[in-house]
Amino acid sequence: MTRPPFDPFTAADIDLVSAQLGRPARNVVGIAARCVCGAPTVVATAPRLADGTPFPTLYYLCHPAATAAISSLEATQVMNEYNDLLAEDGELRAAYERAHQSFLFDRDQLGTVPEIAGISSGGMPSRVKCLHALAAHSLAAGPGVNPIGDLALARAAWSPSVCVCLDYSAVAAGTASE
């Protein structure tokens, strides 16, 4: 395993992520995945926030179209289907356990936070709880690392290979209102 490092972020990236989220971005340590146009799609967040709060969700999906597409899957109870798949398929369970270990490895590269030791995100390694976190992990780690995230991305009405970004040029130029 060689991740991280993540792409370094710029002030423009933080402005874009803040615009995408509709709130100030917090404790970003890198850009873990980008749209084909270069806009951030997934940010990597510090395992301990500036206020001292442990934050287990290393990979945070910030792209509005990706977030909406994954939300649509969650609204149709796809997580229940994926939980059933985990219960039935030993190979999938083993791959999901490896995804959990990969996630922990990545986060541990940023520091150890005892309060969240062994806790990843998205319900790994035993259940599917948050497709947003799992899809973000898949986008950051690449295909084949998180099988549930990969399934969600394959099913989502959004693709990382097709740009559907809003025009963030005002944000990037520093002229957007805050």
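Read-outs throughout are calculated quantities, based only on the coordinates presented, and are distinct from any laboratory measurement. These numbers come from a predicted model, not from an experiment. FYI the Cβ positions are ideal-geometry reconstructions off the backbone, even for glycines, and counts take in every protein chain you see.
A few notes on this one:
- Gyration tensor verdict on the stretch 68-152 (Cα atoms; rounded if a/c is under 1.5, prolate if a/b is larger than b/c, oblate otherwise): prolate
- Taking Ser120, Ser138 and counting other C-beta atoms within 10 Å, the order from fewest to most: Ser120, Ser138
- The stretch 11-172: C-alpha gyration tensor shape, a/c 1.5 cut-off, then a/b vs b/c: oblate
- When Ile70, Ile119 are sorted by how many other C-beta atoms sit within 10 angstrom of their C-beta, beginning with the fewest, the order is Ile119, Ile70.
- Whether the stretch 1-66 is rounded, prolate or oblate, judged on the alpha carbon gyration tensor where a/c under 1.5 counts as rounded: oblate
- Here is what passes the span test in the chain: the DSSP H helices with alpha carbon length of 20 Å or more along the helix axis and a Kyte-Doolittle mean of -1.0 or above are 90-108.
- The stretch 19-41 versus the stretch 49-90: alpha-carbon centroid distance in Å: 17
- Exposure proxy shown here: for Asp167, Asp89, the number of other Cβ atoms within 10 Å sets the order, fewest to most, as Asp167, Asp89.
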